[in-house]
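Comments concern the structure below.
No lab work stands behind these numbers, since they all come straight from the coordinates. On a predicted model such as this, the values are computed, not experimentally measured, just so you know. Positions of Cβ are generated from backbone atoms using ideal geometry, with glycine treated the same way; all protein chains shown enter the neighbour counts.
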There are 2 protein chains.
Amino acid sequence: MNFCNECGGTVHLTIPPGDNLPRHVCEVCATIHYLNPKLVVGCVVEWGDRILLCRRSIQPRYGLWTVPAGFMENGETTREAAVRETQEEARARVELDAPYALISVPHINQVHLFYRARLLEASFSPGLETLETKLFAEEMVPWHDIAFQTVALCLRAFFSDRRAGHFRFHEAALPPVTDRRSQPAGG
Amino acid sequence: MNFCNECGGTVHLTIPPGDNLPRHVCEVCATIHYLNPKLVVGCVVEWGDRILLCRRSIQPRYGLWTVPAGFMENGETTREAAVRETQEEARARVELDAPYALISVPHINQVHLFYRARLLEASFSPGLETLETKLFAEEMVPWHDIAFQTVALCLRAFFSDRRAGHFRFHEAALPPVTDRRSQPAGG
């Protein structure tokens, strides 16, 4: 951040009075510009014993598989975000169940929230950010081609809970990245 | 938003190619500026059968009571945010239990997340944003002077669950505001 988006003045990093972190503060109008983590919201969509995955047509992770998910927008609830992303990425209508997993990804300033969901009808197709949409039984999930570490973590928990016959809410935080494939990013 | 914080150019609202919502786009460098909801994270802190509340020394809701909570910062996990806010607002050290409530507040572009937590020792005092810190038994909670609707919702669920002997994860969304007192805002 170089300029104030209110007045166009130059910003500089300084710790405002009463604060304890450096913020971008405008040298002209004194507006303090806070930067905060973003929420990525999506869902694990079931149809019978299979789940719906989307193969990404955009970067990051072009060509890899994910669940429908994306950045939450202003003015919507987390549920509305999950339903909208599923409609946009998989052209699918879903009924959401409970929140299922909340995963902090601090090195990229994101928090990922996944619901469980059910397809309302056997109808889905690729949206603009998707190459391919497909239902997978557990044993067919392309584990080596899952786009994001948070999605893999969520799906492993999902199948484990399903085998155990009991879904519980999961919370986790990802450690810093060590290699390209394991790096998460907003869907 | 009037100016690009990357190059200082003028921004205008337009729907970028492949998008379906108007965004602030820079007329000079073409950067798209996305605005997304912010996470407010805090906790319901227990000490024996009482809970710790803070009376606010800042606006909004000066003088009203809340649980320790505030905007999540870049680079931290949701757990770290809850622990930090409790340290900052109540000078208290806590051990977090499970996530307890997730409440969307779409009309102010926020999502509030509350954990359950326990004080590690009977030591707390007002931080910079707090006039007073105090332990309350359920029957002493100042329900008419709770600062935010999300906090009241979370506390009512907490005491109800505690009486039932079972804490479950709660998810909700607030409807739009109708009067001043019911309006939530970031703690």
Sorted by Cβ neighbour density within 10 Å, fewest at the top, the residues B:130, B:14: B:14, B:130
Span from the segment A:83-159 Cα centroid across to the segment B:119-145 one, whole angstrom: 41
Test item: Cα-centred dipole of segment A:1-142, Lys/Arg +1 and Asp/Glu -1 on Cβ, debye: 200
Under 17 Å from residue B:38, Cα to Cα: lysines that are on another chain or at least 8 residues apart: A:38
Antiparallel content of DSSP bridges confined to chain B, in %, to 5: 65
Segment A:1-87: radius of gyration over Cα atoms, expressed as a fraction of 2.2 N^0.38 Å: 1.62
Separation of the residue B:27 and residue B:95 label points, Cα + 7 Å toward Cβ, nm: 6.0
Translational diffusion coefficient (Stokes-Einstein; Kirkwood radius from C-alpha pairs) of the protein assembly as shown at 10 °C, 1.306 mPa s, in µm²/s: 72
Segment B:70-166, relative contact order in percent, only Cα pairs under 8 angstrom and at least six apart counted: 22
Options A:67, A:18, A:29, ranked by Cα towards positive dipole end of segment A:18-78, top entry (Cβ charges): A:67
Residue-averaged beta-carbon neighbours from other chains (10 angstrom radius) around B:167-174: 3
Degrees between helix B:78-90 axis and first principal axis of chain B (Cα, 0 to 90, nearest 10): 60
Debye, to nearest 20: dipole size of the protein assembly as shown, +1 on Lys, Arg Cβ, -1 on Asp, Glu Cβ: 440
Average other protein chain Cβ within 10 Å of Cβ, residues B:26-36: 2
Shielding by other protein chains, B:110-117, mean Cβ within 10 Å: 2
Residue exposure sequence - A:154, B:26, B:43 - by fewest surrounding Cβ within 10 Å: B:26, A:154, B:43
Total charge dipole magnitude, segment B:35-119, about the Cα centre, Cβ charges on Lys, Arg, Asp, Glu only, Debye to nearest 20: 240
Chain A: radius of gyration over Cα atoms, expressed as a fraction of 2.2 N^0.38 Å: 1.18
Partners for residue B:134 among aspartates and glutamates (Cα-Cα distance below 19 Å; same-chain residues under 8 apart left out): B:46, B:49, B:85, B:88, B:89, B:95, B:121, B:145
Relative contact order computed over chain A (Cα-Cα under 8 Å; 6+ residues apart), in percent: 22
Segment B:32-74, relative contact order in percent, only Cα pairs under 8 angstrom and at least six apart counted: 43
Tilt relative to chain B, helix B:149-164 - C-alpha long axis, 0 to 90 degrees, to 10: 40
Computed Kirkwood radius, in angstrom, where 1/r is averaged over Cα pairs of segment B:106-180: 14.8
Residue-averaged 222 nm ellipticity for chain A, from DSSP H runs of 4+ at -39500 (n - 2.57), nearest 500: -5000 deg cm²/dmol
